[in-house]
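First comes the structure, then the notes that go with it.
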Amino acid sequence: MFDYAYSGYLTHAYPYDELRSLSCDGFDTWGSFSLTLIDALDTLAVMGNFSEFRRVAELIGTRTNFEANINVSVFETNIRVVGGLLSAHLLSRRAGVKLEPGWPCNGPLLRLAEDMAKRLIAAFDTPTGMPYGTVNLKYGVPEGETSITCTAGIGTFLLEFGTLSRLTGDPLYEEVAMNAIKALHYYKSSIGLVGNHIDVLTGHWTAQDSGIGAGIDSYFEYLAKGTLLFQDPLLASIFQEHKQAIEKYIRREDWHLWVSMTKGQVTLPVFQSLDAYWPGVLSLFGEIGDAMKSLHNYHRVWKQFGFTPEFYNIPQAEAGTNREGYPLRPELIESVMYLYRATRDPYLIQVGVDILRSLQHSAKTTCGYATINDVRDHRKADRMESFFLAETTKYLYLLFDTDNFIHNTGSEGEIIDTQWGQCVVDAGGYIFNTEAHPIDPGALYCCRPAQGIFPEERSILRRFVPMRDALMDNASPNELYSETGISNKNPDVLPITITKLSEIRHYSVNEKKDALNESVSSNVSSTDSSDSIGHENVRDEETEKSNRSEIRLSTTQVLPPSSMIYKADDSDGTDGSDNFEPPILSNGQYSAPGLATEDGTRRNTTPSPVKARFEPQIMLENIRRGNLYPTNVTARQNYQILSCQTQPFLQRMSIIGEFF
Ligand code: DMJ
């Protein structure tokens, strides 16, 4: 399925963003950067097609930057392009790409990801720190841009931006993304819910419907996954707080409805196709029972139509009016994959087979797979979204390929030496961004610490300093390096040495035995005086600071709210469903207010930047000095919150702990 659709894209659509799978040609949609190729790249590695991965990685890596006079969605570009490039960068070693010295802290795909992130980050220069929805890749935030952004468009940056900061050593990205999350949390309602759209200039909610789906979904997903990727109790506590409110107000039996964020009354009794990610997120925290119950409901809808419609009216058991399509979305199969990994319940394989059969039967075309225009009659529409190759096919593959390296539970991995010390890569625990791009958590401990990322809030796990085995000790780094066939031309960058983690594990077990026999407390040759895992003490957080009107260095003029804004749900003070403006367009995507031309691109005809020159560093200083959303002390001190029943493959602390 993947191969068929991928070669269909290459043959008929490349270099455009997407395949028109009925017309068998291509068109630009979210930018003009061969989006499907970038989005599909790491799937090639997951499926073991390393030669094609290398070819495409090299092709993409020849590009030097993303400078273009195009308006793009900040959210979509981050999850698909920045996420895709970072993931491919981290999988390059496994795929046999010739690595640049200094990898994973260096490399062409990493540089490209950073180039794109730098362009997106202009969107965050607002009084609240929450981003605009659109930027121009050349000029920054466009003139007249609406200041209304959906919640997911604000809270879905931390996985990519945090990874970027950890790999590059530049704290900017992580701090900016974390600040936006804290802002959303700050503006939550008194009953712990967030709405659908907010004015990023004022913090005023303009769409107050609250649910787990469209417009909000990946905010919750990033709180959960951010907790695991960065081992951050603050994110865990924010997630748990929202989850309690979700349980209390949004969940009705095993469905999740839409409710007023202030009162919790039901405003829209629908299931959305996008909701189906939720059981997967629950499974990450070991909540299998509730996850399975929701999944059963979603599967029933799938069986009713052969697909899940964008909206499903629960009381009427019908597809929502004008929301009858299925644009090849991944959410249901994503949850099935996670739950199967957690339970091995054969029922889940049956769900996977149902999904596979429907796609083969009704979505396949002569050159790829097509959006289902209406799940009631399976008529097709002329589009294959890039997430079909990034996500849907990948999760399907991973459901059936139980031995895939992505499922590694820490039984193997590799030690690499970088100029910053040793670290472990490929040891499992991969965290997928919301576009299914896997991030290797071990790699985040390989590079120069981003000094200044929350100086008081540094990661709980200190750099992992594994023991060296005898083999490694006998070989000089350069000898080991030369075995890879790569020459180290840059004298400033130390070579990478790679050692199988299984060998280290074997070695360490023997050493442990010896140590026990000799009653020696520890034989770990760590550069640190603490244990080899290095659990850093939780530092006391700063006390609550109440001065919220702090200095903002003036770098830009603040745009007045645009008149071209979404309908304000709270404008008449009611929370009625009539006011609910779904944040997805008829094509099923989050609204990206850039102006699409006929060929689908979003080119600006008037390249007139409204803002003064944007200075990221000054924005960062503003965020730090403003300290608008001080950290709650107890959240960071509460370690227990991280000892929830996560799936074994995500228990990073114990995975590492088991080695020694
Ligand atoms: C993808 O782009 C991402 O999964 C996003 O979080 C939601 N929408 C699509 C898939 O449905």
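Coordinate-derived values only; no laboratory data. It should be emphasised that the depicted structure is a prediction, and the values quoted were computed from it without experimental measurement. For neighbour counting, all protein chains shown are included, and Cβ atoms are generated from backbone atoms with ideal geometry for every residue, glycine included.
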* Asked: With labels modelled as points extended 7 Å from the Cα through the Cβ direction, what inter-label distance (nm, one decimal) is found for Ile191 paired with Arg613?
  -> 5.0 nm
* **Estimated FRET transfer efficiency when R0 is 51 angstrom, pair Ser411-His361 (beta carbons, to 0.05)** => 0.85
* Among the listed pairs Lys98/Lys118; Lys303/Lys394; Lys188/Lys225; Lys118/Lys380; Lys263/Lys293; Lys118/Lys225, give every one whose C-alpha distance is greater than 29 Å. => Lys118/Lys380
* To do: Compute the signed sum of charges (Lys and Arg +1, Asp and Glu -1) over the other residues within less than 13 Å, Cβ to Cβ, of Glu58.
  => +2
* Compute the length gained on full extension between Thr343 and Thr262: take 0.36 nm times their separation in residues and subtract their Cα-Cα distance, giving the result in nm to one decimal. => 25.5 nm
* Sort the following peptides by mean Cβ neighbour count (other Cβ atoms within 10 Å, averaged over residues), highest first: 69-79, 236-246, 355-365. => 69-79, 236-246, 355-365
* Structure fact -> Plugging the Cβ-Cβ distance of Arg63 and Asp401 into 1/(1 + (r/R0)^6) at R0 = 35 Å yields, to the nearest 0.05, a FRET efficiency of 0.65
* Structure fact -> Note to self: C-alpha centroids of segment 279-300 and segment 77-92 sit apart, in Å, by 28 Å
